[in-house]
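A.B. asks: One structure follows; several queries about it will come next.
The values are calculated or read from the model by the stated rules, or taken from the named source; none is laboratory data. Just so we're clear, the structure is a prediction, and the values are computed from it rather than from any experiment. We place every Cβ from the backbone using ideal geometry, glycine too, and count neighbours over all the protein chains shown.
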């Protein structure tokens, strides 16, 4: 081997050692941090044909979606991929393409399970205001359950239970029905009673089945916000000392807390300016979030997927939404919702994936 070749090999070996040494001394490259998940609310006003998107992190409306139909209600499906707009003709809106992908002309209302696997339809019949319930797979190919004389429909957070209001021949009376999706069977129905035997036979529009607690919250007989164990005929009243019917409720993701607003100014004076907080284990009123905005009476409300934020809206002439920090119980702010139309409603986005 020539001396030149020896020096060349030695040089390559030294260079290799230096490169290895330098690589070992450098800190490994860290993967980029994932972007923080944004908390979004969708707000629409009845007969406006517009849904506005609010970002908690940016504390402002960041987008506006327009629809052909004028919807009085809005609901998020899946992981912020679809929006269900309940209008004269309910429709499914794709949030990525910002287009209507499906309409439901034979339904007066559609409710989606939180996991996005099921659609519950209130369908028209030959009898006015008498609707038929159809629980179907999201693609509508499979019919799981059906019933008649059904109005309000609500799912549990984990999509295991479905509760609905089933009317009697007497239009002023109705009973509560609990259906378990996995078992494909009704697990509770009939009239509930208070401990003194008073019948709760006028089930109203507000209800929430609680899968983890094996309970159901419902409003009955105009003034009673009640809770009962699923399968039991006896109910208890969630006491607030307010002579008014509940307007809206929201359940925390762990089913620990219930947030309630009451119809502003209908049966009380002065009107309620609070969001009431109940512990669903002890069934006691434990706290309230105070509204300080002048003339603002909280009505509809929605809670984020992680239970950190609540947004409210009001049917009054104050065209604003209110944002609250659930952890501290304090209001964050009030934001102008400059959209024509009546009675705004709000829905919270699902967890991003």
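A.B. asks: Just checking, does the stretch 309-318 include any residue being modelled with pLDDT of 90 or more, under 30 Å from residue 229 (Cβ atoms) and surrounded by 15 or more Cβ atoms within 10 Å (Cβ to Cβ)?
C.D. replies: Of the residues in the stretch 309-318, the ones modelled with pLDDT of 90 or more are 309-312.
Pick out the ones that are also under 30 Å from residue 229 (Cβ atoms) and you get 310, 312.
Still in the list and also surrounded by 15 or more Cβ atoms within 10 Å (Cβ to Cβ): 310, 312.
Yes, some residue in the stretch 309-318 is modelled with pLDDT of 90 or more, under 30 Å from residue 229 (Cβ atoms) and surrounded by 15 or more Cβ atoms within 10 Å (Cβ to Cβ).
A.B. asks: Against the definition (surrounded by 14 or more Cβ atoms within 10 Å (Cβ to Cβ) and without any contact (Cβ under 8 Å) to a residue 40 or more places away in the chain), how does residue 130 come out, yes or no? Break it down into steps so the answer makes sense when it comes.
C.D. replies: Values: surrounded by 14 or more Cβ atoms within 10 Å (Cβ to Cβ): yes; without any contact (Cβ under 8 Å) to a residue 40 or more places away in the chain: yes.
The answer is yes for residue 130.
A.B. asks: Here is a follow-up. Taking the condition of being within 19 Å of residue 225 (Cα to Cα) and outside any loop (DSSP other than H, G, I, E, B), how many residues in the stretch 282-306 meet it?
C.D. replies: The number of residues fulfilling the criteria is 9.
A.B. asks: Restricting the search to the stretch 311-322, which residues are part of a strand (DSSP E or B) and within 20 Å of residue 246 (Cα to Cα)?
C.D. replies: Step one: of the stretch 311-322, the residues part of a strand (DSSP E or B) are 311-313, 320-322.
311, 312, 313, 321, 322, listed by residue number.
A.B. asks: Just one of the numbered conditions (1) within 20 Å of residue 112 (Cβ to Cβ); (2) without any contact (Cβ under 8 Å) to a residue 40 or more places away in the chain is not true of residue 196; which one?
C.D. replies: Among (1) within 20 Å of residue 112 (Cβ to Cβ); (2) without any contact (Cβ under 8 Å) to a residue 40 or more places away in the chain, residue 196 violates only (1).
A.B. asks: Can you tell which of 158, 139 is in contact (Cβ under 8 Å) with a residue 24 or more places away in the chain, outside any strand (DSSP E or B), within 23 Å of the chain's Cα centre (by Cα) and at negative phi?
C.D. replies: Values: 139 fails: in contact (Cβ under 8 Å) with a residue 24 or more places away in the chain.
Testing whether each residue is in contact (Cβ under 8 Å) with a residue 24 or more places away in the chain, outside any strand (DSSP E or B), within 23 Å of the chain's Cα centre (by Cα) and at negative phi leaves just 158.
Okay, residues lined up against (1) at pLDDT 85 or above; (2) more than 24 Å from residue 178 (Cβ to Cβ); (3) over 17 Å from the mean Cα position of the chain (by Cα); (4) not in a loop (DSSP other than H, G, I, E, B):
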residue: 42; (1), (2), (3), (4): yes, yes, no, yes
residue: 102; (1), (2), (3), (4): yes, yes, yes, yes
residue: 110; (1), (2), (3), (4): yes, no, no, yes
residue: 133; (1), (2), (3), (4): yes, no, yes, yes
